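The values are calculated or read from the model by the stated rules, or taken from the named source; none is laboratory data. None of the values given here were measured: they were computed from a predicted structure. Ideal geometry is used to build each Cβ from the backbone, glycine not excepted, and the neighbour counts take in all protein chains shown. Ligands, DNA and RNA are excluded from the accessible area calculation, which covers all protein heavy atoms including side chains. Shrake-Rupley method; radii C 1.70, N 1.55, O 1.52, S 1.80 Å.
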Amino acid sequence: MAAASRLETAHGSWQLHRYPQRAGEQLQAWCGADLLLMDAALERGAAPSLVVNDEHGALCVALQPQQLWTDSALAALATAANLQANSCSPVAVIWSTQAPSCAEGPVVLRVPKQSAYFEHQLATLHDVMPVGAELICAGMDKHLSPATAATIARYFGHVERHRGARKARVFTAIREAGSTIEPPLNPSYYCPPLDCELTGSPNVFSASSLDIGSRFLIENLPALNPAHRVADLACGNGVLGLCAKQLGLASEVHFFDESAMAVASARANWQALYPGETAHFLHGDGLLNSETKFDLILCNPPFHLGHSVDDFAGRRLLMQSRERLSENGVLVLVANRHLPYARLLNAHFRNTAILAENRKFRIWQAESVA
């Protein structure tokens, strides 16, 4: 179990874990942008009505907002654990697929990775924040776009760009009286394997095009044997599960993702393609909250944790898959060639093999040990 790190500030001291935890963790559960947001919010003397995009709960522990607005089940789990560990009151979680409610206190926002998601959040906040409420945004310099201030101004008007510190920067704006601003349209694209348009949401991976890893896996799905119960793990907009259904590989499909917007997108695409047919959708930490055993698990695992390149998330999904495969069940995943999955698969599965490969990707196939 990883040891917690202590965050010491002029405003308080807290023990904080990242989630998921791992032995020998080298990364902290906060960053310079979090520290600047804490300073800015606490200097105002009023608890925020809302914190947006807290990654590991540092902001919620320090600021004790009324609500956390997030897309990430992992962030919500981290926040709940750190609040409890520091004897703080629980914070209500509002998922990204809903609009939060905002009182008079300031809104504190970590600038997210996806620019379309940032615009979606700004448009929504413009609608729900009362006139005169303050928006406080911050991000790490290396992750901020040169257009960050202009993007905020598009929805809030005048923006104050504060002096940078801790390799991060704060932007503030006041909600002025004005008309409702429509958020950008949700992305979509034509998917040749399904011969249809697939819709996404702003924070869904590859929401505006079929990513090349999934495309390569889909091209090789016909080589698989049909299975009764199939899981699309880290489903994004659901393209792998949808293609498995179309090819007759699956009679029952389950979609899993830690992103609320991903699960909502997969659900919308399923309903558009297979109206009246039942599928199953779970927003959470991979397969951890599922008791179902699967005959086939399809996965295009992430190799990032937040802004960090890290295959830990993918390795966790593989270990979860090991526990959820039925007898003679099969895991099939696509991954960049350089990612070191062979040792893990050989240690925890049977008959590990490369189903297909090209210059960029390998498709691994491995069988249940049960």
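In table form, for the structure just shown:
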read-out	value
For His126, net neighbour charge (Lys/Arg +1, Asp/Glu -1) across residues whose Cβ lies under 14 Å away	-3
Under Karplus coefficients 6.51, -1.76 and 1.60, residue-wise ³J(HN,Hα) of the stretch 205-219 in Hz, glycine/proline x	4, 6, 6, 10, 6, 6, 5, 6, x, 5, 4, 5, 5, 4, 4
His338-Ser145 pseudo-label distance in nm [points 7 Å out on the Cα-to-Cβ vector]	2.6 nm
Candidates Ala342, Ala133, Ala260, ranked by Gaussian network fluctuation over the chain, Cα under 10 Å, top entry	Ala342
Range in the chain, longest, excluding exposed GluC sites (Glu not before Pro) [loop by DSSP; at most 12 other beta-carbon atoms within 10 Å]	1-103
Inter-label distance, nm, simple model (7 Å from Cα along the C-beta direction), Asn225/His158	7.0 nm
Helix-only [θ]222 nm of the chain, DSSP H runs n ≥ 4, -39500 (n - 2.57) each, per residue, nearest 500	-8500 deg cm²/dmol
Degrees, to the nearest 10: 32-43 long Cα axis against longest axis of the chain	40 degrees
Residues of type lysines that Lys167 reaches as a straight line, Cα spacing below 30 Å, ignoring anything fewer than 8 places off in the same chain	Lys113, Lys142
Surface per residue (accessible, 1.4 Å probe) for the stretch 78-180, Å²	48 Å²
Only Lys, Arg (+1) and Asp, Glu (-1) charged, at Cβ; the chain dipole about Cα centre in debye	960 debye
Whole-Hz ³J(HN,Hα) from phi, Karplus 6.51 cos²θ - 1.76 cosθ + 1.60, for the stretch 336-353, glycine and proline x	4, 4, 7, 6, x, 8, 4, 4, 5, 5, 5, 7, 10, 9, 9, 6, 5, 8
